[in-house]
Amino acid sequence: MAIYIEKGWLVENSTLIAELYEEAFGSKFCRAIPDKTNRILMLSKSFQPEYSFVAYREGSIVGLSGFNVTTGSLTGGIGVKGLVKSLGFFRGLWACAVFSLFERKPEKGELVMDGIAVISECRGQGIGSLLLDKIIKYAKTSGFESVRLDVIDSNPRAKKLYESKGFVAVKTERFPYLKWLVGFSGSTTMKLDLREHTNRTPTPI
């Protein structure tokens with residue numbers, strides 16, 4: 001079935017997008033906001049659609065890719081004020097501290113990936129690859145020099161996908177003492193130099 005990808009989404013789809021993100025990354029944020037319903041509500045109110053691409057199949061949302069640039073990011077609406085208002089003072093500050101562990105600031109001329117999520121029943125069908133291709137194309141046409149991302153140590157499949165697109169590992173970090181908090185014990189930073197990158201044709205679905 002045909003997949004089409006659009007930049008951003010309509011506000012009425014915010015909860016669906018938050019549920020999709022939660023399905024993919026909820027385990028990373030459960031220490032920040034233990035209650036799943038509260039996490040989804042917070043995400044639905046905090047996401048900035050203009051910093052994302054959404055994949056559709058037969059009119060239904062099946063995938064999401066976010067990005068982070070100097071002007072903003074998909075998760076850029078998650079801030080201290082909103083968290084404290086939603087969760088209370090102490091819980092809000094705790095959530096903010098946990099979220100700060102995932103924060104990645106882009107350098108000048110750089111686009112940072114802010115996660116790729118695909119609904120469970122559609123994984124392994126190339127949708128994540130198409131979303132990644134869209135991000136790379138957007139970065140090139142927008143004048144960025146590189147794309148950077150982090151891949152966790154428990155996701156070797158994702159690392160292979162990034163390598164197939166030309167990403168190169170530039171740094172690996174190990175932090176087993178934080179696994180209880182963030183859900184993984186290490187990550188690898190990968191980078192794609194767009195000045196050397198050649199056009200690649202996405203694999204049809």
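Whenever a residue of region 77-92 is assigned to a helix (DSSP H, G or I), its partners that are of a type in the set (Phe, Trp, Tyr), lying with C-beta atoms within less than 8 angstrom and at least six residues away or across chains, give the pairs 83/99.
Residue-wise test of (1) in contact (Cβ under 8 Å) with a residue 40 or more places away in the chain; (2) assigned to a helix (DSSP H, G or I); (3) not β-branched (Val, Ile, Thr).
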residue: 117; (1), (2), (3): yes, no, yes
residue: 121; (1), (2), (3): no, yes, yes
residue: 125; (1), (2), (3): yes, no, yes
residue: 130; (1), (2), (3): yes, yes, yes
residue: 135; (1), (2), (3): yes, yes, no
residue: 138; (1), (2), (3): yes, yes, yes
residue: 143; (1), (2), (3): no, no, yes
residue: 149; (1), (2), (3): yes, no, yes
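Any chance region 13-31 includes a residue that's modelled with pLDDT of 90 or more, surrounded by fewer than 18 Cβ atoms within 10 Å (Cβ to Cβ) and under 22 Å from residue 104 (Cα atoms)? Scanning region 13-31 turns up at least one residue that is modelled with pLDDT of 90 or more, surrounded by fewer than 18 Cβ atoms within 10 Å (Cβ to Cβ) and under 22 Å from residue 104 (Cα atoms). When restricted to residues that are within 21 Å of residue 105 (Cβ to Cβ), exposed (fewer than 12 other Cβ atoms within 10 Å of the Cβ) and hydroxyl-bearing (Ser, Thr, Tyr), region 133-148 contains 1.
Within region 67-101, which residues are out of contact with any strand residue (DSSP E or B) (no Cβ under 9 Å at 6 or more places or on another chain) and within 20 Å of residue 190 (Cβ to Cβ)? It would help to see each step written out before you state the result.
Taking region 67-101 first, the residues out of contact with any strand residue (DSSP E or B) (no Cβ under 9 Å at 6 or more places or on another chain) are 71-72, 77-101.
If the condition is that a residue be out of contact with any strand residue (DSSP E or B) (no Cβ under 9 Å at 6 or more places or on another chain) and within 20 Å of residue 190 (Cβ to Cβ), then 101 is the only one that fits.
When every residue of region 102-112 is checked against the conditions, none turns out to be in a helix (DSSP H, G or I) and small (Gly, Ala, Ser). With respect to the conditions (1) out of contact with any Ser or Thr (no Cβ under 8 Å at 6 or more places or on another chain); (2) free of Cβ contacts under 8 Å to residues at least 40 places away in the same chain, residue 108 falls short on a single one, namely (1).
Yes/no matrix, rows are residues, columns are (1) without any contact (Cβ under 8 Å) to a residue 12 or more places away in the chain; (2) closer than 24 Å to residue 125 by Cβ; (3) not β-branched (Val, Ile, Thr):
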| residue | (1), (2), (3) |
| --- | --- |
| 13 | no, yes, yes |
| 28 | no, yes, yes |
| 31 | no, no, yes |
| 34 | yes, no, yes |
| 43 | no, no, yes |
| 46 | no, no, yes |
| 51 | no, no, yes |
| 58 | no, yes, yes |
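Please verify whether residue 4 is in a helix (DSSP H, G or I), closer than 30 Å to residue 109 by Cβ and hydroxyl-bearing (Ser, Thr, Tyr), treating the condition exactly as stated. I'd like the intermediate steps shown before the answer.
Working: in a helix (DSSP H, G or I): no; closer than 30 Å to residue 109 by Cβ: yes; hydroxyl-bearing (Ser, Thr, Tyr): yes.
Taking the combined requirement at face value, the residue does not satisfy it.
Does residue 61 qualify as being β-branched (Val, Ile, Thr), under 20 Å from residue 119 (Cα atoms) and more than 13 Å from the chain's Cα centre (by Cα)? The answer is yes for residue 61.
Residues checked against (1) under 30 Å from residue 60 (Cα atoms); (2) surrounded by 13 or more Cβ atoms within 10 Å (Cβ to Cβ); (3) at pLDDT below 80:
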position	(1), (2), (3)
96	no, yes, no
113	yes, yes, no
120	yes, no, no
131	yes, yes, no
150	yes, yes, no
160	yes, no, no
175	no, yes, yes
178	no, yes, yes
194	no, yes, no
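The values are calculated or read from the model by the stated rules, or taken from the named source; none is laboratory data. The model shown is predicted, which means the values in this text are computed figures rather than measured ones. Every residue, glycine as well, gets a Cβ built from its backbone with ideal geometry; the counts of neighbours run over all protein chains shown.
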